[in-house]
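To keep things clear, I will list the structure first and then write my remarks on it.
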Amino acid sequence: MFPIEQSATSRSSSQPEHWVGVVDDDASIRSSLARVLRLEGMCVETFACAEDALARISLGAPDCLVLDVHLGGLSGFDLQDRLLARGDVPPIIFITAHDEVPANRLSPHAGAAGYLRKPFDVMALIEFVRPLIGTTAPIADGS
């Protein structure tokens with residue numbers, strides 16, 4: 001079995017099967033993104049490494065993955081490749097603090113649904129995620 005982050009993954013049977021996976025090796029980023037997405041009414045599960053996300057996804061894929069490119073162990077691209085090989089890649093929103101993501105990784109055929117460079121506006125993330133999980137609640141524009 002794979003380790004689960006209790007605060008991020010506890011779900012009751014009344015919660016929907018639709019969920020967003022957040023994969024980042026930085027605990028503060030995982031926590032912040034989970035909190036923001038939950039405030040938008042989304043069910044979120046977080047993972048500190050690609051291996052844990054891969055194990056969980058084998059039990060049921062998320063509606064989308066928010067995936068850091070640079071992780072310890074398997075990279076975000078490695079996770080993308082493994083999901084592609086299995087044929088069950090969910091839409092992926094790549095996040096990175098480093099250089100841009102190569103164009104071949106951003107292909108919709110490779111599961112890519114977007115790319116954000118850290119630090120990014122969380123509203124931009126929500127704009128990427130919302131249509132992927134079918135949430136239709138309005139977003140406050142913050143102005």
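Each reported figure results from applying straightforward, stated rules to the coordinates on display, with no laboratory input. It should be emphasised that the depicted structure is a prediction, and the values quoted were computed from it without experimental measurement. Note that we place each Cβ from the backbone using ideal geometry, even for glycine, and neighbour counts take in every protein chain shown.
I need the phi-derived Karplus couplings for the range 25-36: 6.51 cos²θ - 1.76 cosθ + 1.60, θ = phi - 60°, integer Hz, Gly and Pro marked x.
Values, residue by residue: 7, 9, 4, 5, 5, 4, 5, 5, 5, 4, 4, 5 Hz.
Quick query: amide H of residue 92 versus all other amide H atoms, modeled in the peptide plane; which residues come in under 5 Å with a sequence gap of 5 or more or a different chain?
65, 112, 113, 114
Give me the dipole magnitude in Debye, nearest 20, for the range 19-131 about the Cα centre, with unit charges on the beta carbon: positive for Lys and Arg, negative for Asp and Glu.
200
If N is the number of residues in the range 14-143, what value comes out of its Cα radius of gyration divided by 2.2 N^0.38 Å?
Working it through for the range 14-143, the quotient is 0.98.
Going highest first, how would you order 82-91, 99-108, 53-62 by mean Cβ packing within 10 Å?
Listed from highest to lowest mean packing, they are 53-62, 82-91, 99-108.
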